[in-house]
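Visitor: My questions all concern the structure below.
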Amino acid sequence: MAAVGDLHCREDQHGRFRQLVKQVNASADVLLLCGDLTDRGMIEEGKVLAEELSALRVPCAAVLGNHDYEHGQVKEICSELSKVGVHILDGDHFIFEKTLGVAGVKGFGGGFGNATLQAFGEGQTKSFVQEAVTESLKLEAALSHLDTPKKVVIMHYAPIPETLEGENIEIRPFLGTSRLSMPIDHYGAEYVFHGHAHHGAREGKTKSGIPVFNVAMPLLTKFTPEQRFALMEV
């Protein structure tokens with residue numbers, strides 16, 4: 001199982017992911033993409049990424065990230081990626097060979113633990129919190145419908161603070177929220193993969209001990225430049 005996020009594909013990057021796809025084809029049975037697939041959320045970037053992934057020979061499930069929403073062309077980007085067999089998850093799931101279920105959401109920010117932002121005060125604050133709650137409920141729904149022997153979760157935002165170590169402390173509440181870890185701990189999973197935190201830490205665990213991996217490509221490139229994705233056996 002190969003997992004990576006934050007590809008940030010741009011329209012002038014034809015061939016950038018050719019080696020990555022080749023390595024995934026040779027070493028993995030499934031590819032999981034954890035958001036920020038495009039750099040500015042433009043259809044032209046989606047077309048380039050689809051062109052790159054057209055050489056993929058294994059199933060692929062993905063979630064979107066905040067960058068993918070920048071230009072309001074999410075539907076068009078998803079359409080291009082679906083043409084090459086990428087399954088975009090947004091509160092739903094993908095089943096691989098009847099044994100592995102992948103639940104996916106984008107996620108959202110809001111902070112962690114006792115410092116989690118609450119829905120109090122201005123309407124704008126309540127709307128921000130509601131988005132995080134909605135994403136958590138979508139993940140809960142996706143996991144509740146999975147009855148496969150093995151389950152993994154993919155998202156863009158972080159569900160725990162440990163994988164944000166290394167990021168500026170001021171922005172960590174905007175990089176994820178512990179609301180996302182609640183359905184994971186309730187329903188269980190083998191692994192959780194997320195991106196978004198380019199300067200974070202590579203791994204941590206939820207309160208119940210479920211492993212969480214930060215697979216942002218800029219982070220992986222620092223440690224394993226020869227292989228810009230995480231490879232896990234499940």
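The values are calculated or read from the model by the stated rules, or taken from the named source; none is laboratory data. Everything numeric in this text was worked out from a predicted model, so none of it was measured. Counting neighbours? That spans all protein chains shown, and the Cβs are built from the backbone with ideal geometry, glycine included. Areas reflect the complete protein model, heavy atoms only, side chains present, ligands, DNA and RNA absent. Shrake-Rupley method; radii C 1.70, N 1.55, O 1.52, S 1.80 Å.
Visitor: Starting from 0.36 nm per residue, how many nanometres of slack lie between residue 115 and residue 170 once their C-alpha separation is accounted for?
Guide: 18.5 nm
Visitor: Another one. Over the chain, with a Gaussian network built from C-alpha contacts below 10 Å, which listed residue (142, 28, 158) shows the highest mean-square fluctuation?
Guide: Judging by the Gaussian network model, the answer is 28.
Visitor: Could you bin all the Cα-Cα distances of segment 2-231 into 10 Å bins starting at 0 and give me the percent of pairs in each, rounded to whole numbers?
Guide: Once binned at 10 Å, the Cα pair distances of segment 2-231 give 9, 35, 38, 16, 2, 0.
Visitor: Apply the Karplus parameterisation 6.51 cos²θ - 1.76 cosθ + 1.60, with θ equal to phi minus 60°, to every residue of segment 31-39 and state each ³J(HN,Hα) to the nearest whole Hz, in sequence, with x for glycine and proline.
Guide: After applying 6.51 cos²θ - 1.76 cosθ + 1.60, I find 10, 10, 10, 10, x, 6, 5, 10, 8 Hz.
Visitor: Here is a further query. Enter the Cα centre distance for the pair segment 184-215 and segment 17-70, rounded to the nearest angstrom.
Guide: Result: 21 Å between the Cα centres.
Visitor: Considering only DSSP states other than H, G, I, E and B, which GluC sites (Glu not before Pro) in segment 164-234 qualify as loop sites with at most 10 other Cβ atoms within 10 Å?
Guide: The qualifying sites are 226, 233.
Visitor: Something else about it: Given 0.36 nm per residue, what is the gain on full extension from residue 11 to residue 90 after removing their alpha carbon distance, in nm?
Guide: Stretched fully, the residue 11-residue 90 segment lengthens by 26.0 nm.
Visitor: For the chain, what % of the accessible area comes from carbon and sulfur atoms, probe 1.4 Å?
Guide: 51 percent
Visitor: To the nearest 20 debye, what charge dipole does the chain have about its Cα centre, counting +1 at the Cβ of each Lys and Arg and -1 at the Cβ of each Asp and Glu?
Guide: Rounded to the nearest 20 debye, it is 360 debye.
Visitor: I would also like to ask the following. Residue by residue through segment 216-221, what is 3J(HN,Hα) from phi via Karplus (6.51 cos²θ - 1.76 cosθ + 1.60, θ = phi - 60°)? Round to whole Hz and write x for glycine and proline.
Guide: Ordered by residue, 3J(HN,Hα) equals 4, 4, x, 6, 4, 4 Hz.
Visitor: For segment 89-136, state which GluC sites (Glu not before Pro) are in a DSSP loop and have at most 16 other beta carbons lying within 10 Å of their beta carbon.
Guide: When the GluC sites (Glu not before Pro) of segment 89-136 are filtered for loop state and at most 16 Cβ neighbours within 10 Å, 97, 122 remain.
Visitor: Set the Förster distance to 35 Å, then compute FRET efficiency between residue 99 and residue 137 from the Cβ-Cβ distance, nearest 0.05.
Guide: That pair, residue 99 with residue 137, gives E of 0.85.
Visitor: Can I ask one more? Using the Karplus equation 6.51 cos²θ - 1.76 cosθ + 1.60 (θ = phi - 60°), what ³J(HN,Hα) coupling, rounded to whole Hz, does each residue of segment 156-166 give in order, writing x for Gly and Pro?
Guide: After applying 6.51 cos²θ - 1.76 cosθ + 1.60, I find 9, 6, 7, x, 9, x, 4, 7, 9, 4, x Hz.
Visitor: Filter the trypsin sites (Lys or Arg not before Pro) in segment 1-68 to those in DSSP coil with at most 16 other Cβ atoms within 10 Å of their Cβ, and list the result.
Guide: 10, 16, 40, 57
Visitor: As I understand it, the dipole of segment 119-181 uses +1 on the Cβ of Lys and Arg and -1 on the Cβ of Asp and Glu, about the Cα centre. Which of 125, 158, 142 lies farthest toward its positive end?
Guide: About the Cα centre, the residue reaching furthest to the positive side is 142.
Visitor: So how many Å³ per residue does the convex hull of the Cα atoms of segment 180-228 work out to?
Guide: About 70 Å³ per residue, rounded to a whole number.
Visitor: How big is D, in µm² s⁻¹, for segment 3-117 by Stokes-Einstein at 37 °C and 0.692 mPa s if Rh is the Kirkwood radius over C-alpha pairs?
Guide: Once the numbers are plugged in, D ends up at 225 µm²/s.
Visitor: Search the structure for amide H atoms under 5 Å from the amide H of residue 151, placed 1.01 Å from N in the peptide plane, and list their residues when 5 or more places away or on another chain.
Guide: Counting only residues 5 or more places away or on other chains, the set is 101, 190.
Visitor: Let me ask you something else. In the chain, what % of DSSP beta bridges are antiparallel (nearest 5)?
Guide: Details: 10 of 36 bridges.
Here the antiparallel bridges make up roughly 30 percent for the chain.
Visitor: Another question, then. Please list the non-local residues whose amide H lies under 5 Å from the amide H of residue 88, H modeled 1.01 Å from N, same-chain partners needing a gap of 5 or more.
Guide: Placed amide hydrogens put 62 under 5 Å from residue 88.
Visitor: Can you list the residues, at least 5 places off or on another chain, whose amide H is less than 5 Å from the amide H of residue 205, using H built in the peptide plane?
Guide: Those qualifying (amide H under 5 Å, at least 5 residues apart or on another chain) are 212.
Visitor: On to the next question. So, in nm, how far is label residue 148 from label residue 27 when the simple model puts each one 7 Å beyond its Cα toward the Cβ?
Guide: Using points 7 Å along Cα→Cβ, the separation is 2.1 nm.
Visitor: Let me ask another. Using only DSSP helix segments of four residues or longer, with each worth -39500 (n - 2.57), what per-residue ellipticity at 222 nm results for the chain after dividing by its residue count and rounding to 500?
Guide: Values: 6 runs with 66 residues, N = 234.
After summing the helix terms and dividing by the residues of the chain, the value is -8500 deg cm²/dmol.
Visitor: Here's something else I'd like to know. Using a cut-off of 16 Å between alpha-carbon atoms, which aspartates and glutamates can reach residue 126, once sequence neighbours fewer than 8 places away in the same chain are excluded?
Guide: 135
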